[in-house]
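The values are calculated or read from the model by the stated rules, or taken from the named source; none is laboratory data. All of these numbers come straight from a predicted model, not from anything done at the bench. Every residue, glycine as well, gets a Cβ built from its backbone with ideal geometry; the counts of neighbours run over all protein chains shown. When the accessible area is computed, the model is the full protein with side chains, heavy atoms only, and any ligands, DNA or RNA have been set aside. Shrake-Rupley method; radii C 1.70, N 1.55, O 1.52, S 1.80 Å.
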2 protein chains.
Amino acid sequence: MTGTDVYANDGAKIGHIDHMMIDKQSGKVAYAVMGFGGFLGMGEDHHPVPWGKLRYDTVKQGFITDLTEEEVKGAPPRSAEWPADPDWERRTHAHYGVPLYWA
Amino acid sequence: MTGTDVYANDGAKIGHIDHMMIDKQSGKVAYAVMGFGGFLGMGEDHHPVPWGKLRYDTVKQGFITDLTEEEVKGAPPRSAEWPADPDWERRTHAHYGVPLYWA
């Protein structure tokens, strides 16, 4: 999983999976922590992206997303307690426009 | 997740999570690859255990399982293509008596 490429809808590679954050109770991926290798000038920071933003493409053997630079830059900053911070989780999912993974 | 302890029903520590195998399509954990540090004489091998065998205990901050040494030793050997081998997956889940994660 680590290192899997992530592509935009137009096929351009925009980053990769650094690691997954898993909800231990449900066994579901909650967040993909992504590295953006210079995606639109963002540098090499890692950002948690809700799992609902990604879908796996078996042909490309990578994930496809409609994520934009603005979305990532405008996302709620991580608190020290993330992801065990329901308020941060709610704001983050609302920001990205995807359902909460526990819904 | 890596390193999280796994306990038997009686509270004895029997191993730990080495890593998780995630189904990329659904974002669900398919297998926990567990290390058994001498659990009933099993040595340090790693064995894939279906996610359905584990439940997370928030008090212990670890997983609880009814896994036995016999179950682990008697499990179908991993083929080269595991886990992308539906036949191996079916036999493994049947062996451990838990539903397929994609069911």
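Couple of notes before you dig in:
- Rounded to whole numbers, the Karplus 3J(HN,Hα) couplings from phi for the range A:10-20 are 7, x, 6, 6, 10, x, 8, 7, 7, 7, 10 Hz, using 6.51 cos²θ - 1.76 cosθ + 1.60 with θ = phi - 60°, and x at Gly and Pro.
- Principal-axis analysis of the Cα atoms of chain B puts helix B:86-96 at an angle of about 30° to the longest axis.
- With helices as the sole contributors, chain B gives -4000 deg cm²/dmol at 222 nm; each DSSP H run of n ≥ 4 counts as -39500 (n - 2.57), and the sum is divided by every residue.
- Accessible area (Å², per residue) of the range A:64-103, counting only protein heavy atoms and a probe of 1.4 Å: 57 Å²
- Inter-probe distance in nm under a simple model that places probes 7 Å from Cα toward Cβ, at B:VAL98 and A:VAL33: 2.4 nm
- For the range A:6-31, a drop of 50 Å² or more in accessible area on going from the chain alone to the assembled protein chains (1.4 Å probe) is found at A:ILE22, A:LYS24, A:GLN25, A:GLY27.
- Anisotropy class of the range B:5-74 from Cα gyration tensor, a/c 1.5 cut: oblate
- Range in chain B, longest, excluding exposed GluC sites (Glu not before Pro) [loop by DSSP; at most 15 other beta-carbon atoms within 10 Å]: B:1-43
- Amide H partners (placed H, <5 Å) of A:THR4, local residues excluded: A:ILE17
- DSSP-defined antiparallel bridges as percent of all bridges, the protein assembly as shown, nearest 5: 85 percent
- Carbon and sulfur %, accessible surface of the range A:5-74 computed with the full protein complex present, 1.4 Å: 46 percent
- Rounded to the nearest 10 Å², the accessible area of A:MET21 at probe 1.4 Å: 50 Å²
- Identity and axial distance of the chain A residue whose Cβ lies nearest the axis relating A to B, Å: A:LYS28, 3
- Test item: A:77-84 mean partner chain Cβ contacts at 10 Å: 0
- Filter on A:LYS13/B:LYS53; A:LYS73/B:LYS53; A:LYS13/B:LYS60; A:LYS28/A:LYS60; A:LYS13/B:LYS13; B:LYS24/B:LYS60 - keep pairs with C-alpha separation over 32 Å: A:LYS13/B:LYS53; A:LYS73/B:LYS53; A:LYS13/B:LYS60; A:LYS13/B:LYS13
- B:ASP66 accessible area, 1.4 Å probe, all protein chains in place, Å² to nearest 10: 90 Å²
- For A:THR58, the solvent-accessible surface computed with a 1.4 Å probe is close to 80 Å², ligands and nucleic acids excluded.
- Estimated FRET transfer efficiency (B:VAL59, A:TRP82; beta-carbon r; R0 30 Å; 0.05): 0.85
- Tensor-based shape of the protein assembly as shown (alpha-carbon gyration tensor, a/c under 1.5 rounded, otherwise prolate or oblate): prolate
- Total accessible area lost when A and B pair, probe 1.4 Å, Å² to nearest 100: 1300 Å²
- Each label was represented as a point 7 Å from its Cα along the Cα-to-Cβ direction; for A:ASP5 and B:SER26 these points are 2.8 nm apart.
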